[in-house]
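Take a look at the structure set out below.
All of the numbers you see were taken from the coordinates with simple rules; none came from a lab. Note that the structure is a prediction, hence the values are computed from the model and not measured. Cβ placement follows ideal geometry from the backbone for every residue including glycine, while neighbour counts extend to all protein chains displayed.
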Ligand code: TRP
Ligand code: SF4
């Protein structure tokens, strides 16, 4: 049997995960568990780069994300699931990589400039925020990952990681492979306001959402913007509710909506109610699994501790090689 290739990816703990995460990153990760040696971790130190003024929520969010991961089928038997701050070696490697990373590489990072503009309510003119990609590089090369499944927004960070790895190898000898981005398809579904689904836009439906809340949020969803009145025919092809139907509803319902929307036989209120019921049903196994883990906190603690132990072993091995390579032990 050939050894499985290693991949690694992480998420910042910024709150519970939503349907965009489920159909994007998570679905991809769950599938990749079958073919790769997977390392998935929660990047809590990265959350600190922007939330340093009040980090009190980060630990709770870390737990939320972990529960969401387990409830959608990331499995501690198949993957190594861990928390960044539990592996102090990341901080050491980050320090060493910071010595060889030219500041202009960080200053021209597109996500850097973009985030400073977008999060204008926060003071992000810190050393730590500028160094975000250096910490990410440490996360990735620590495990000598061959591939990093990420969304397009993260590709520049993987690019910087490759450059840092190359520079390290150039100075100190070949220690690190250069990781590749493995692009995650972005899901077609949008938030309830038709913008990209995101927690910070307050338009997300969470995977752990209560049925009542799902009904309320779906009722508020924007539909075909041209369909102003009940008597106007609609166009499901431009309607976000229909995208949800395609993901969650029975084939016959999808066909029926596709027909009766165009002839104004069905109204949006009814169409949404039907979809909400299918969505609630589809999320039921996830909700149940989450409840199972929430009721067994010790089991969850053990799962994290196990994952961290496995990750730490690899990290220690790598740091041994790094200290050897830079001749400072
Ligand atoms: N920056 C990533 C994000 O915001 C999270 C992250 C941190 C990450 N370290 C990583 C992703 C290493 C992949 C690999 O989504
Ligand atoms: Fe969208 Fe359904 Fe309304 Fe048609 S009937 S516009 S598919 S919500």
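Tell me, what is a quarter of the convex hull surface for the C-alpha atoms of the range 209-290, in nm² with one decimal? Walk me through the numbers on the way to the answer.
Working: hull surface 20.1 nm².
Mean shadow area of the hull around the Cα atoms is 5.0 nm².
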Sort out for me the Cα centre separation of the range 97-134 from the range 198-219, rounded to whole Å. 32
So what is Rg over Rh here for the range 83-146, counting just Cα atoms and using Kirkwood for Rh? 1.00
What the 10 Å binned alpha carbon P(r) of the range 263-329 shows, as percent of pairs per bin from 0, is 16, 19, 18, 16, 15, 10, 5, 1
Round to the nearest 10 and give me the degree value, 0 to 90, for the angle of helix 58-72's Cα axis relative to the longest principal axis of the chain. 60
Given contacts defined as C-alpha pairs under 8 Å and at least six residues apart, what's the relative contact order of the chain, whole-number percent? 22
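Divide by every residue of the chain the summed helix terms, -39500 (n - 2.57) for each DSSP H run of at least 4, and state the resulting mean residue ellipticity at 222 nm, rounded to the nearest 500 deg cm²/dmol. Provide the component values of the computation, followed by the final result.
On the way: 14 runs with 173 residues, N = 329.
Helix contribution divided over all residues of the chain: -16500 deg cm²/dmol.
Take each of the peptides 42-50, 282-290, average the number of other beta-carbon atoms within 10 Å over its residues, and list them starting from the highest. Don't skip to the end; give the middle numbers.
Details: 42-50: 21.4, 282-290: 15.6.
For the peptides 42-50, 282-290, the packing ranking is 42-50, 282-290.
Hey, could you get me the Stokes-Einstein D for the chain, Kirkwood radius over alpha-carbon pairs, 10 °C and 1.306 mPa s, rounded to whole µm² s⁻¹?
Values: Rh = 21.6 Å.
D = 73 µm²/s.
Kirkwood hydrodynamic radius, computed over distinct alpha-carbon pairs, for the range 1-56: how many Å, to one decimal?
Values: mean 1/r = 0.0768 Å⁻¹.
Taking the inverse mean of 1/r over all distinct Cα pairs, the range 1-56 comes out at 13.0 Å.
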GNM result for the chain, Cα springs below 10 Å: residue of 40, 127, 82 fluctuating most strongly: 127
Compute log10 of I(q)/I(0) for the range 67-115 with the Debye formula, placing one identical point scatterer on every Cα and leaving out solvent, at q = 0.15 Å⁻¹, to two decimals. -0.72
